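Taking it in order: structure first as structure tokens, then the write-up.
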Amino acid sequence: APMLQLHQVRKSYGANEALKGVSFDVAPGEFLALLGPNGAGKSTLFQLLTGLFNADGGEVRVDGHNMQHTPVQALGRIGVVFQQMTLDLDLSVEANLRFHARLHGIADRESTSRIEDVLQRIGLIAQQHAKVRTLSGGNRRKVELARALLHRPAVLLMDEATVGLDPASRRQLLDEVLALRDQGVAILWASHLVDEAEAADRVVVLHRGKVLTSGSPAEVVAHT
Ligand code: ADP
Ligand code: ADP
């Protein structure tokens, strides 16, 4: 079964229809790139997927849980890296992760080992006790990724995750995401940069609230 299912999702702001019946799925272990210019509806879609508001119509399911009816279960299966940095700069890497773990109801004893595991994995264990403020932009993004993974989500949402990063940091972040994909996590990677879709298994192009085309990166590039 798909990890993420969007079926005829609609959302308007007054008379402005931001999403006009958007449907697509993301399978376990699939990396889907969501491409679209500004105004396409990507942020609106992310806001629906992170429970900030409900769709006006259609259905969103995460690991089978309906976002409208069982949002706590649905949101528990999602990890998010937001476009804006949402770490506390004056707290340590560990403290930022601990806060998130507590929000997800993970006991401190359990989160201590999870925090170490995830920092080891992304190569940030040496920075565990450093204040986030002292880290480079690339490492801050990695901390955000670590945080998004702490509660072991089935679906990872990345919203313009590489904005402001140098090419080497972008590559490292992308490699981390590809490794997660290979472990079975469903990835939804939203970007306005066409070249970021090259590594994806499938690309969905959103335009003015509708799916314009979808297919392999090669197919989509041929159509645009
Ligand atoms: P993207 O993230 O792809 O740039 P958005 O989801 O931000 O697209 O925007 C989709 C459409 O919805 C645009 O026409 C935008 O102006 C409109 N929109 C987005 N957020 C709001 C809002 N809070 N109020 C009114 N209109 C909005
Ligand atoms: P989930 O799949 O995450 O459990 P659902 O909202 O699909 O979320 O289902 C939650 C429970 O509510 C299920 O037992 C389902 O059968 C029931 N349910 C879902 N939609 C309705 C509905 N419109 N009226 C009554 N019960 C519903």
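Bear in mind these aren't lab numbers, they're just calculated from the coordinates by the rules spelled out. If you're wondering where the values come from, they're calculated on a predicted model, not measured in any experiment. Cβ atoms come from the backbone with ideal geometry, glycine included; neighbour counts cover every protein chain shown.
Rounding to the nearest 10 and keeping the result within 0 to 90°, find how far the Cα-based axis of helix 137-149 lies from the longest principal axis of the chain.
The angle comes out near 80 degrees.
Could you work out how far apart the two model spin labels at HIS104 and THR86 are, taking each label as a point 7 Å from the Cα in the direction of the beta carbon, and quote it in nm?
Output for this residue pair reads 1.3 nm.
Take the alpha carbon atoms of the chain, find their radius of gyration, then divide it by 2.2 N^0.38 Å using N residues; give the quotient. Please report the intermediate quantities before stating the final value.
Working: Rg = 17.2 Å, N = 224, 2.2 N^0.38 = 17.2 Å.
So the chain has a normalised radius of gyration of 1.00.
In percent, how large is the relative contact order of the chain, given Cα pairs closer than 8 Å and 6 or more residues apart?
30
Å³ per residue of the Cα convex hull, for region 1-53?
Considering the Cα atoms of region 1-53, their hull volume per residue is 81 Å³.
Which whole-Hz couplings ³J(HN,Hα) result when phi for each residue of region 52-64 is put into the Karplus expression 6.51 cos²θ - 1.76 cosθ + 1.60, θ = phi - 60°, listed in order with x for Gly and Pro?
Using θ = phi - 60°, the values come out as 6, 7, 8, 5, 6, x, x, 9, 10, 10, 10, 6, x Hz.
May I ask you to sort LEU212, LEU145 by Cβ crowding, counting other Cβ atoms within 10 Å and putting the fewest first?
Working: LEU212 15, LEU145 22.
Least to most surrounded, the residues fall as LEU212, LEU145.
Pairs of lysine in the chain with Cα under 23 Å and at least 8 positions apart or on different chains: total? Walk me through the intermediate numbers first.
Values: LYS11/LYS20; LYS11/LYS42; LYS11/LYS210; LYS20/LYS42; LYS20/LYS210; LYS42/LYS142; LYS42/LYS210; LYS131/LYS142.
For the chain, qualifying lysine pairs total 8.
If each DSSP helix of 4+ residues adds -39,500 (n - 2.57) and the sum is divided by the residues in the chain, what number results at 222 nm, nearest 500 deg cm²/dmol?
Roughly -10000 deg cm²/dmol at 222 nm, from the helical runs in the chain.
Can you compute the label reach from GLU17? Point 7 Å from Cα along the Cβ direction, backbone N cut-off under 20 Å, restricted to region 29-43.
What the label zone holds, given the 20 Å backbone N cut-off, is 36-43.
Most mobile of PRO28, PRO167, PRO37 per a Gaussian network model of the chain (Cα springs, under 10 Å)?
Checking each option, the largest mean-square fluctuation is seen for PRO167.
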